[in-house]
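Here's the structure, in structure tokens; my notes come after.
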Amino acid sequence: MTDQQSFVSADHYDRDRFTRSQTGERALNAAIVQAEISESYEEYLKIFDAFYADDVEVSSETGKEPIRGKARVRSLLFNFLVPLHIMAEIGGLSTSIRETPIPGDAANETHSAWTLDLVGVSGATCTLSWCISRKWKDARVVYERHYDQQLSGGPLTFDDLRFNGAKSPAGFRRPS
């Protein structure tokens, strides 16, 4: 009888961890999708701070070594978000991000597929897609792996943005 009770308790514990991971994943992904990069990059940093553990580890199939620690990951995120924010707010870049859950059965692990569409004022498009695997502990992401990264459409150029009305800083000219 004791063994059966232990099994039931362990099964309940795994289900509870699975539910917490899934709830955290849904909340995190909804916050990312609802945030507007053209209005603020800071909102994404607040989301990161709220959902990721201090000892988070992030890796990708293209990176050699995982990045460890919230401060290091936050710095990389900042370096990605600020230029994207400037291109969206000032340059007229249109952005759209979508997430699709990928079913899984691990208690503390979640998977999702992401698509980021970038559309320049010229109508040129660039679409990035990738998948993410996350491990959760105590309602925080402790590990995130990016994989199956794909790019479609060409790179956007200066002509795809609306910077021509802005004055260039002294000494800088718009490329011809």
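None of the figures in this text is laboratory data; all of them are computed from the coordinates on show. What you are looking at is a predicted structure, and each value in this text was computed from that prediction instead of being measured. Cβ coordinates were reconstructed from backbone atoms using ideal geometry, including for glycine residues, and neighbour counts include every protein chain displayed.
The modelled label-to-label distance between residue 86 and residue 116, using points 7 Å beyond Cα along the C-beta direction, is 1.6 nm.
Once the gyration tensor of the Cα atoms in segment 11-160 is diagonalised, the equivalent ellipsoid follows with semi-axes of 29, 16, 15 Å, ordered largest first.
Placing unit charges on the Cβ atoms only, positive for Lys and Arg and negative for Asp and Glu, gives segment 32-141 a dipole magnitude near 260 debye about its Cα centre. A cut-off of 5 Å between modelled amide H atoms, ignoring neighbours fewer than 5 places along the same chain, links residue 52 with 141.
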